[in-house]
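One structure is given here, and the rest of the page talks about it.
FYI, it's all coordinate maths here, none of it is from the lab. Quantities reported herein were computed from a predicted structural model and do not represent experimental measurements. Here the Cβ is made from the backbone with ideal geometry for all residues, glycine too, and neighbour counts use every protein chain on show.
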Amino acid sequence: MQVSESDILQGNILIVDDQEANVKLLEELLEAAGYGHVSSTMNPHEVCALHRKNRYDLILLDLQMPGMDGFHVMEALKTNDEDSYLPVIVLTAQPGHKLRALQSGAKDFISKPFDLVEVRTRIRNMLEVRLLHKKLEEYSKVLEETVRERTAELRESEARYRSLAELASDWYWEQDAAGDFTKVSGPVLEMLGIRVDSFTGKSGMDGMPGWNEEERAVLHAKIAGREPFLDFVFSRVNPDGTRQRFQVSGEPMFNQGCGFIGYRGIGIELSDKR
């Protein structure tokens, strides 16, 4: 991520100083350096309103001004909820004020009387950092919006998958990480003869006689190994002597942290024609 020289020269700058001579000196210096958006005020009480309106990339702020000094201006600027970044370089002739200004939120300082090379260098560097910060904020917003869109698409795709799975099979099912059924749709309850309230623990399928335990052991091993399975067939013999065969396909589910959260899949009862 980079900022071009033209972007820097198009930065929006505000000069705040109660001394007209200082304002004119800085305006001429910035104009000569090629900066195209420079404005000024000698009234510190206007700064917050001007910043809310114009969203300055850099504010050159004198610390010693009558009525409202630079420290009070910075405190007022911090109340702007739309921007947590304080784009301020303070102008001061008092060495003891530099540390306090930085602690108050200023990003840099320029000493008075002005060293013109220092002024140009600090302003350019500050604008580059500020514009990079803005680009990063914009990129983060785009990334957040992309994540929201992708999440919505994923949920929509998953809903379609479930709908199609239910249409293409006798039943759709989901299990949690403990192996308990959390969702079952279709006539599986009637086919297996299982009650809705007995799909957990050792009741339900595990509590019913007649299952081919060797087949089920193979299926349980696949699930324990977090393996997907396709068209796995298992069977049971009913109390009346009839035999039922079922075919299931399933895949493990994981959360965003790659933690296992269960299985989902589809199943059909196999008839002679199937």
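Suppose the chain between Lys141 and His37 were pulled fully straight at 0.36 nm per residue; how much longer would it get relative to their current alpha carbon spacing?
Contour length minus the Cα-Cα distance gives 34.8 nm.
In the neighborhood of Tyr35, defined by Cβ-to-Cβ distances under 12 Å, what is the net charge if each Lys or Arg adds +1 and each Asp or Glu adds -1?
-4
Using only helices, what value at 222 nm comes out for the chain when you add -39,500 (n - 2.57) per DSSP H run of length 4 or more and divide by the total residues, to the nearest 500 deg cm²/dmol?
That comes out to -13000 deg cm²/dmol.
To the nearest 0.05, how large is the calculated FRET efficiency for Leu132 and Leu29 if R₀ is 22 Å and r is the Cβ-Cβ distance?
0.40
Between segment 5-52 and segment 217-263, what is the C-alpha centre distance in whole Å?
About 71 Å separates the Cα centre of segment 5-52 from the one of segment 217-263.
Could you tally the net charge around Ser140, taking each other residue with its Cβ under 13 Å from the Cβ of Ser140, Lys/Arg +1 and Asp/Glu -1?
Here the count lands on 0.
Run the numbers for Ser111 and Asp176: contour at 0.36 nm per residue of separation, minus the present Cα-Cα distance, in nm.
Net length gain for the segment: 16.8 nm.
Quick one: compute the contact order of the chain, relative version, from alpha carbon pairs under 8 angstrom and 6+ residues apart, as a percent.
Relative CO of the chain lands at 12 percent.
Ordered by residue, what ³J(HN,Hα) values in Hz, to whole numbers, does segment 117-131 give under the Karplus form 6.51 cos²θ - 1.76 cosθ + 1.60, where θ = phi - 60° and Gly and Pro are x?
5, 4, 4, 4, 5, 5, 5, 4, 4, 5, 5, 4, 5, 4, 5
Is the shape of segment 1-85 best called rounded, prolate or oblate, per the rule: a/c under 1.5 gives rounded, else a/b larger than b/c gives prolate, else oblate, with a ≥ b ≥ c the square roots of the Cα gyration tensor eigenvalues?
Since a/c reaches 1.5 but b/c is at least a/b, the shape of segment 1-85 is classed as oblate.
Using unit Cβ charges (K, R positive; D, E negative) and no other charged atoms, how large, in debye to the nearest 20, is the dipole of the chain about its Cα centre?
460
Which of the peptides 58-68, 231-241, 124-134 is most tightly packed, and how do the rest follow, going by the mean number of other Cβ atoms within 10 Å of each residue?
Descending packing order for the listed peptides: 58-68, 124-134, 231-241.
Obtain the nm distance between the two label points defined at Glu156 and Arg226 by a simple spin-label model: each point lies 7 Å from its Cα along the Cα-to-C-beta direction.
That separation, rounded to one decimal, is 3.1 nm.
Given a Förster distance of 41 angstrom, what is the FRET efficiency for Ser6 paired with Thr79, based on the Cβ-Cβ distance and rounded to 0.05?
FRET efficiency, Ser6 to Thr79: 0.80.
Within segment 211-244, list the residues whose amide N lies under 19 Å from a label point set 7 Å along Cα→Cβ of Phe254.
222-230
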